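Structure first, then comments.
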Amino acid sequence: MGIITALAVVIGIMGGLATSAWLEVASVYWVIWVTFVGWASFYAAGGGTEGITKSVAANVWGVLIATISLFTFTKLTFNASIAAGLCVGIAIIVLILAAYLPALGFIPGQVFGYAPTAGLFLSGVYVTSDGASDPVKLFLASAISLIIGNVLGIISEKIGGAVAKS
């Protein structure tokens, strides 16, 4: 069997199992669609040990910068459109400048961390009982989900490679 077919079958089965497990667990700290973003990030980073290292570091950096910028936004008291634009613009500058550090050089992986974090923030799910957003829960949900996706990526790569060889 060719590698593409093997990966399609393995990732399809694993993706289905991950979705079923997610539905059973129903944890606020595990978001299945963010897991799939992490899984894709692993492959986009080139796979293997180097890929998971680059992807996880970049993903978590993106989550951190998104969390900081989004919660800074909630504290600003001037025009919301201007405040949002400033927070996002500054965050993106900081995000990408970090690529000067070799460990954070995978810029798409940074965005794979930033974007889902912003999406989860905008969903309003990570809000405390008093109506304030909870940056710790947001950070953890994004980071944990992305890391799970990266781990599933390397597992699927190994299994897919073994299936292709058989």
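Any read-out appearing in this document is the output of simple, stated calculations on the displayed coordinates, not a laboratory observation. The structure displayed is predicted, hence computed values, not measured ones. Here the Cβ is made from the backbone with ideal geometry for all residues, glycine too, and neighbour counts use every protein chain on show.
Values for this structure:
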quantity: Nearest 10 degrees, 0 to 90: helix 32-44 Cα axis against the chain principal axis; calculated: 70
quantity: Choice from Trp61, Trp22, Trp39 with maximal GNM fluctuation in the chain (Cα, 10 Å cutoff); calculated: Trp22
quantity: Karplus-derived HN-Hα couplings along the stretch 88-104 (A = 6.51, B = -1.76, C = 1.60, θ = phi - 60°), whole Hz, x at Gly and Pro; calculated: 5, x, 5, 4, 5, 4, 4, 3, 6, 4, 5, 5, 5, 7, x, 5, 10
quantity: Cβ-based exposure ranking for Phe73, Phe106, Phe42, in which fewest neighbours within 10 Å come first; calculated: Phe73, Phe106, Phe42
quantity: Computed helical MRE - 222 nm, the chain, DSSP H runs ≥ 4 contributing -39500 (n - 2.57), nearest 500; calculated: -27500 deg cm²/dmol
quantity: The stretch 137-152 - phi-based ³J(HN,Hα) in whole Hz, Karplus 6.51/-1.76/1.60, Gly and Pro as x; calculated: 4, 4, 4, 5, 4, 5, 5, 4, 5, 5, 5, 4, x, 5, 5, 4
quantity: Set of lysines with alpha-carbon distance to Lys137 below 23 Å, sequence-local pairs under 8 removed; calculated: Lys75
quantity: Using a Förster distance of 45 Å, the FRET efficiency for Ala26-Asn79 (Cβ separation, nearest 0.05); calculated: 0.70
quantity: Partners for Lys54 among lysines (Cα-Cα distance below 18 Å; same-chain residues under 8 apart left out); calculated: Lys158
quantity: Highest-MSF residue in the chain out of Tyr43, Tyr100, Tyr29 [GNM, Cα springs under 10 Å]; calculated: Tyr100
quantity: Label selected from (i) 1.13; (ii) 1.25; (iii) 1.68, the criterion being Cα Rg over 2.2 N^0.38 Å as computed here; calculated: (i)
